[in-house]
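The values are calculated or read from the model by the stated rules, or taken from the named source; none is laboratory data. Since the model is a prediction, treat every value here as computed from it, not as a measurement. With ideal geometry, Cβ positions are generated from the backbone for all residues, glycine too; neighbour counts draw on all protein chains shown. Please note that ligands, DNA and RNA were not included when accessible areas were found on the heavy atoms of the full protein model with its side chains. Shrake-Rupley method; radii C 1.70, N 1.55, O 1.52, S 1.80 Å.
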Amino acid sequence: QVQLVESGGGVGQAGGSLRLSCAASGRTFSSYVRAWFRQAPGKEREFVAAISWTGDSTYYADSVKGRFTISRDNAKNTVYLQMNSLKPEDTAVYYCAARKLRVVLSPQYEYWGQGTQVTVSS
């Protein structure tokens, strides 16, 4: 059974940092694109960041560019999202996702985690 499990969410201060992890199990995801999306109350799920299966290419939403960093460790089947300079508008449920080969910025991903809450206080 394939599972993506996020961890590392919680409450952060504006200007502070949090690091999310997403561990995959049930299959090897080394050839899969990994991504993070987020969904705030009353809003649609939106793209945050993605990383190619090689790790050579990364993609970011304009709203997080320069503040967030996505990385992956294929040996651990894990993807990370380092979030710095947090803002209250970063408050959302963060989801990790995976799909084969091609990066897309829309939620057209094959596998999803259950989500982890990130709350940024001002």
>> Taking the criterion of being farther than 13 Å from residue 97 by Cα, exposed (fewer than 15 other Cβ atoms within 10 Å of the Cβ) and modelled with pLDDT of 95 or more, would at least one residue in region 22-40 satisfy it?
In response: yes
> Looking only at region 1-39, which residues are assigned to a loop (DSSP other than H, G, I, E, B) and either touching a Gly at 6+ places or on another chain (Cβ under 9 Å) or of a type in the set (S, T, N, Q) (or both)?
Replying inline: 1, 2, 9, 17, 28, 30, 31
> Across region 89-109, which residue is nearest to residue 35 (Cα to Cα) among those that are of a type in the set (D, E, K, R) and in a strand (DSSP E or B)?
Replying inline: 99
> Which pairs do you get when a residue that is touching a residue at least 60 places away in the same chain (Cβ under 8 Å) and farther than 17 Å from residue 4 by Cβ, found in region 63-76, comes within reach of a residue that is buried (at least 17 other Cβ atoms within 10 Å of the Cβ) and polar (S, T, N, Q), reach meaning Cβ atoms under 7 angstrom, with the pair 6+ apart or on two chains?
Replying inline: none
>> Looking at 20, 86, 81 in this structure, which one is touching an Asp or Glu at 6+ places or on another chain (Cβ under 8 Å) and of a type outside the set (Asp, Glu)?
In response: 20
> Hey, residue 86 hits all of (1) open to solvent by less than 10 Å² (accessible area, probe 1.4 Å); (2) part of a loop (DSSP other than H, G, I, E, B); (3) free of Cβ contacts under 8 Å to residues at least 60 places away in the same chain; (4) not β-branched (Val, Ile, Thr) but one; which does it fall short on?
Replying inline: (3)
>> Take the residues in region 50-60 that are assigned to a loop (DSSP other than H, G, I, E, B) and open to solvent by 20 Å² or more (accessible area, probe 1.4 Å); name whichever of them is modelled with the highest pLDDT.
In response: 57
> Counting only residues that are open to solvent by 80 Å² or more (accessible area, probe 1.4 Å) and either basic (Lys, Arg) or farther than 24 Å from residue 52 by Cβ (or both), how many does region 92-113 have?
Replying inline: 2
> Residues of region 61-77 being within 11 Å of the chain's Cα centre (by Cα) and surrounded by fewer than 19 Cβ atoms within 10 Å (Cβ to Cβ), which ones?
Replying inline: 69, 71
